[in-house]
Structures are given as structure tokens and as C-alpha cells.
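K.L.:
Let me give you the structure first, and then I'll get to my questions.
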Amino acid sequence: MRIRGAVLDELRHWEWAPRSVHKSNRRITRITANLIEQLEREPTVNELAAALGVDVAELAALQTLSRPHQLVSFDETGDNGRGEENLPLTERLADPDAPSPDAAVLSEEDKRTLHKCLTVLPTAQSTIIVLHYLQNVPLRDVADRLKVTPSRVSQLHHQALARLRQTWKQTEKTP
């Protein structure tokens, strides 16, 4: 009896989810089986939620929690199958914030194209685009700087974007 208890305690210690998650998963499974038997088909999400006494969003959350998870150690090294040295996972994962190798080149091309397109715009429109998109100034503050109403800035902003799209397309077509 004690050995069995110790084994269960150790298994619970290494378990990724608390007991409540397993309990709700068993309840969902049991009620789903009952509904399948009664309806002679797979129950809809709304029917299952109603039978459980929860709303659809809460049911989705419970189902998400009860999905199996695989825990991975970032420090563990493993055989990568390509003959490369065994590096920990932290060394092998790509940095999502790191720019891609071609991003710098594309970024420079886009900057040159944007600069060409901005020179075509009237001064007020190019100022709005530069302040709002390149310097992250809210349109309300742009209106204050240009001493016009926010609705006028909105109009100019819309016109500037339309002209930029048109100019950008023309710039892409010419080599």
C-alpha cells in the first residue's frame, strides 16, 4: 500500500497538469460519450457546453488545458541526425526577433523606394506619413504640429496613403 502511494506521489510530482485538469478532462470525456450514445452522433460544441453547464468559451479553455503537452529541456543536448555537434536547444532555436539575412537588403530597397515615393507627395502629406509611420507620432499630435484639425489630418492621411500606393506600384513596374 505504501509503495503504491509512493509511486502515485512520484507520478503526480512529474505530471504537467494539476489533478483538476484531469478531473475535468474525464468529465468531458464521460459526458461526450453519454451524448454520443443519446444522440447517436458526435455532439456539437454548444450541446456539450450545455450538458457540462459551462459556456462555449469555458469549454474551449478546459479542452485546451487537457490537451497533452510535451515538456522539453532547453539545456538537454540530443542527436540531431545531421552529424552536427550536439548543441543545447537554446543554441539551435531561431531567434524570432533577429532579422533574416535578406531583411537588411530588402529593407534598404524599401527605404529607397519609400523615399522616392515620399518626394512625389505634397509637403503636408509627406510630413504626416513621416511623423505617423516613421516617428510613431499619433495623428492627433500630427494635427497639432501642422495646426490643422484632426479630421483634416485624417483626410490628408487617407490621400497620402492612396498616392503612396499608386506611386509604389509605378515604382515597382519600372526597373
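K.L.:
List, please: which pairs have Cβ atoms under 9 Å, are six or more places apart or on different chains, and start with a residue in the stretch 146-175 that is over 12 Å from Val120 (Cα atoms) and modelled with pLDDT of 90 or more and end with one that is among the β-branched types (Val, Ile, Thr) and not in a helix (DSSP H, G or I)?
P.N.:
Leu156/Val148
K.L.:
Now, a different point. Just give me the residues in the stretch 40-77 being in contact (Cβ under 8 Å) with a residue 40 or more places away in the chain and small (Gly, Ala, Ser), in sequence order.
P.N.:
Result: Ser66, single match.
K.L.:
Mind counting the residues in the stretch 16-29 that are surrounded by 11 or more Cβ atoms within 10 Å (Cβ to Cβ), touching a Leu at 6+ places or on another chain (Cβ under 8 Å) and either of a type outside the set (A, V, I, L, M, F, W, C) or not in a helix (DSSP H, G or I) (or both)?
P.N.:
The number of residues fulfilling the criteria is 4.
K.L.:
Now, a different point. Suppose we keep only residues that are part of a helix (DSSP H, G or I) and among the polar types (S, T, N, Q) within the stretch 30-79. Which one would you say is surrounded by the fewest Cβ atoms within 10 Å (Cβ to Cβ)?
P.N.:
Top of the filtered list is Thr64.
K.L.:
Taking Ser20 as the residue in question, decide whether it is over 30 Å from Leu89 (Cα atoms), at pLDDT below 90 and of a type in the set (Ser, Thr, Tyr).
P.N.:
When the stated conditions are applied, Ser20 passes them.
The values are calculated or read from the model by the stated rules, or taken from the named source; none is laboratory data. Note that the coordinates shown come from a computational prediction; the quantities given were computed from them, not determined experimentally. Here Cβ is always computed from backbone atoms with ideal geometry, including for glycine, and neighbour counts include all displayed protein chains.
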